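The values are calculated or read from the model by the stated rules, or taken from the named source; none is laboratory data. Keep in mind that this is a model prediction, so the values were computed, not measured. For neighbour counting, all protein chains shown are included, and Cβ atoms are generated from backbone atoms with ideal geometry for every residue, glycine included. The protein model used for the area step is the full one, side chains on, heavy atoms only, and it has no ligands, DNA or RNA in it. Shrake-Rupley method; radii C 1.70, N 1.55, O 1.52, S 1.80 Å.
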Amino acid sequence: MFDFRGVVFDVDPIFANSAEWYDAIPENIRPRKDQPFYHLLAENMESSYVAYVSQQNLIADDTDEPIDHPAISDLFTEFADGRYTLRREHKH
């Protein structure tokens, strides 16, 4: 629906954002709350940003191309074989 790519850096097992954020989504495309929601470092042709996306609205990116987001180096150490390595200090 929205043309962007991103790297997941956190997950909420169920919706954990504000009611205002949720209600701002048009009802005909509003995702269910009872599914994982992912925090992504996202980019599109115009900008980089942080996105909050339901599992039902994600598709795998098979390009094996890195994301050009300014916060990538804050969270990850390297990009190899289509995957980022999370910095040790961010692991739970």
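Between the range 43-71 and the range 1-37, the C-alpha centres lie 14 angstrom from each other. Computed from backbone phi, the HN-Hα couplings of the range 5-15 come to 10, x, 10, 6, 10, 6, 9, 10, x, 9, 3 Hz, rounded to whole numbers (Karplus: 6.51 cos²θ - 1.76 cosθ + 1.60, θ = phi - 60°; Gly and Pro given as x). Solvent-accessible area per residue in the range 1-56 equals 67 Å², computed with a 1.4 angstrom probe and all protein chains kept. Mean-square fluctuations from a GNM of the chain, with a 10 angstrom spring cutoff on Cα atoms, peak among E27, E78, E43 at E27.
Taking the charge dipole of the chain about its Cα centre, with +1 at Lys and Arg Cβ atoms and -1 at Asp and Glu Cβ atoms, the residue from M45, F4, I29 reaching farthest to the positive side is I29. Local charge for H39 was computed over the other residues whose Cβ lies under 13 Å away, with Lys and Arg +1 and Asp and Glu -1, and equals -2.
Its residue count N fixes a reference of 2.2 N^0.38 Å for the chain, and the Cα radius of gyration divided by that reference is 1.14. Other residues within the sphere of radius under 14 Å centred on the Cβ of I59, judged by their own Cβ, net out at -2 (K and R +1, D and E -1).
Computed over the range 19-58, the percent of Cα pairs more than 17 Å apart is 37.
Take the chain, connect every pair of alpha-carbon atoms lying under 10 Å apart with a spring to form a Gaussian network, then pick out the residue of I25, I14, I67 with the largest mean-square fluctuation. Sorting by GNM fluctuation, first place goes to I25.
Of the whole protein surface, L40 contributes about 10 Å² of accessible area at a 1.4 Å probe radius. About the centre of its Cα atoms, the chain shows a dipole size close to 360 debye [charges on the beta carbon of Lys, Arg (+1) and Asp, Glu (-1) only; nearest 20 debye].
Packing order of peptides 31-37, 4-10, 81-87, highest average first: 4-10, 31-37, 81-87 (average count of other Cβ atoms within 10 Å over each peptide's residues).
For the pair S18 and R32, label points projected 7 Å from Cα toward Cβ lie 2.7 nm apart.
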